[in-house]
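Structure, as structure tokens:
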Amino acid sequence: MNFNLSEEHKMIRDAARDFAQNELLPGVIERDENQHFPNDLVKKMGDLGFLGIMVDPKYGGSGMDTISYVLIMEELSKIDASASVIVSVNNSLVCYGLEAYGTEEQKQKYLTKLATGEFVGAFCLSEPEAGSDATSQKTTAIDKGDHYILNGTKNWITNGGRADVYLVIAQTDRDKGSHGINAFIIEKGMEGFHIGPKENKLGIRGSDTHTLQFNDVKVPIENRIGDDGSGFRFAMKTLSGGRIGIAAQALGIASGAYELALKYSKERKAFGTEICNHQAIAFKLADMYSDIEAARYLVMRAAWDKDQGKNYDVSSAVAKLQASKVAMQHSTEAVQIFGGNGFVKDYHVERLMRDAKITQIYEGTSEIQKIVISRSITKD
Ligand code: CAA
Ligand code: FAD
């Protein structure tokens, strides 16, 4: 196994690092404070190829591998996890879902615009009564021959107000359970599709989270993704890749907090010396460093599995479970190292701590990752 990044990977990482420092950092506190969705930055990320990182260039993508995706996600997330979740959803849920399971017509019509950032995508699985219990879909899509009639509510949808294209999961045949679920492409502006108010959140406040309502929305049959009844498998397979993106986001939050805390500990003096010379602080830094390194290998392992064409359902769950734990634990420790300064917005670590929490909740809570992992290890 080769642990070294290639020169190309280093260049991609450095480009993302420069973008995060030069473009994301200047307004990140304001966007967090005002829940300001960064339309201008989304355009710039599209121009850099960050919105279609793994998409085939023939569909307008950057044609990079999953390792590159993880490196970009980590660098963006060190500075702004709200921006990185826009990237993650667009890449690993929407673009991947369409590229892997869509028809050629769907790819030409939607993927080409999503991969360049001309369109932004959203992925709509969760409902008020179907979050972790994702097979309990209440949203229905009734087959009318050449179209479906969609009714129901989706909640917590990232990019919900801003997106142009929504991949919506719905029950088409309740008697068939999870085999009676389909995924559909819904366009903003379709009659009967309403976007509810924006959620006021603890973290990732620069991202855009909404409830969506579908009232008798007429969906052409050509907007169904994949074979009839394949929608739940589509959602699960797509989420396995999504979890690699969120694991990388968590890794970025943890390493961003660690880098800030390390620098601060070398500058701040107490009892006549820099605080990093107090063992209590030095050991915190050692724990942060080693836990983040461990998380990094798990995230890279999951990305490598995907790039090698191996099954990554479990490695992505392991990476997300561990990286999100490290992000929560060590962003909290970073606040502690900053003392009172850690508690105010100017020093960034309190935002990283607030942002860390979501990585243990979305794209499957930590408990759900343990279900995925435990089912696999006990079955084998
Ligand atoms: N690949 C292929 N098929 C799969 C699969 C996978 N990874 N996982 C499950 N399936 C299949 C099963 O084999 C089963 O099919 P059969 O009946 O033919 O065997 C069917 O799907 C139903 O699976 P389960 O019986 O395992 O279903 P379950 O009710 O026990 O739930 C679960 C499984 C893993 C808990 C799943 O419901 C789950 O992942 N829940 C979490 C939902 C989630 O992650 N939501 C995220 C929303 S998107 C988001 O959050 C984006 C964001 O924030 C930015
Ligand atoms: P619940 O399922 O009600 O869970 C509540 C608690 O019970 C959790 O701790 C959970 O782990 C635990 N629990 C539930 N079942 C079990 C079990 N069997 N065993 C052990 N513990 C269990 N969804 C989308 O579809 N698209 C998006 O773009 C999206 N973006 C989001 C953005 C944000 C900011 C947030 C907050 C959520 C987003 N979600 C999105 C929804 C997210 O995926 C769900 O919140 C998550 O899957 C959990 O579902 P729930 O909130 O209904 O919690």
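Remarks
- Residues that are in contact with an Asp or Glu (Cβ under 6 Å, 6 or more places away or on another chain) and polar (S, T, N, Q), drawn from segment 289-343: 315
- Taken over segment 327-380, the criterion of being within 14 Å of ligand 1 (Cβ to nearest atom), of a type in the set (Gly, Ala, Ser) and surrounded by fewer than 20 Cβ atoms within 10 Å (Cβ to Cβ) is satisfied by 366, 374, 376.
- Breaking point among (1) surrounded by 24 or more Cβ atoms within 10 Å (Cβ to Cβ); (2) over 19 Å from the mean Cα position of the chain (by Cα), for residue 242: (2)
- Of all the residues in segment 353-367, those that are near ligand 2 (Cβ under 6 Å from one of its atoms), of a type in the set (A, V, I, L, M) and either farther than 11 Å from residue 131 by Cβ or in contact (Cβ under 8 Å) with a residue 60 or more places away in the chain (or both) number 1.
- In the set 310, 357, 370, 306, only one residue is charged (D, E, K, R), under 16 Å from residue 241 (Cα atoms), assigned to a helix (DSSP H, G or I) and modelled with pLDDT of 95 or more; that residue is 306.
- Flag for residue 43 being within 24 Å of residue 201 (Cβ to Cβ), surrounded by fewer than 18 Cβ atoms within 10 Å (Cβ to Cβ) and of a type in the set (D, E, K, R): yes
- Residue in segment 106-115 that is of a type in the set (Lys, Arg), touching a helix residue (DSSP H, G or I) at 6+ places or on another chain (Cβ under 7 Å), more than 13 Å from residue 214 (Cβ to Cβ) and in contact (Cβ under 8 Å) with a residue 40 or more places away in the chain present: yes
- Where residue 158 falls short, out of the listed (1) within 14 Å of ligand 1 (Cβ to nearest atom); (2) touching a Gly at 6+ places or on another chain (Cβ under 9 Å): (2)
The values are calculated or read from the model by the stated rules, or taken from the named source; none is laboratory data. Quick caveat: nothing in here was measured; it's all calculated off a predicted structure. Cβ sites come from the backbone with ideal geometry, for glycine too, and all protein chains shown count toward neighbours.
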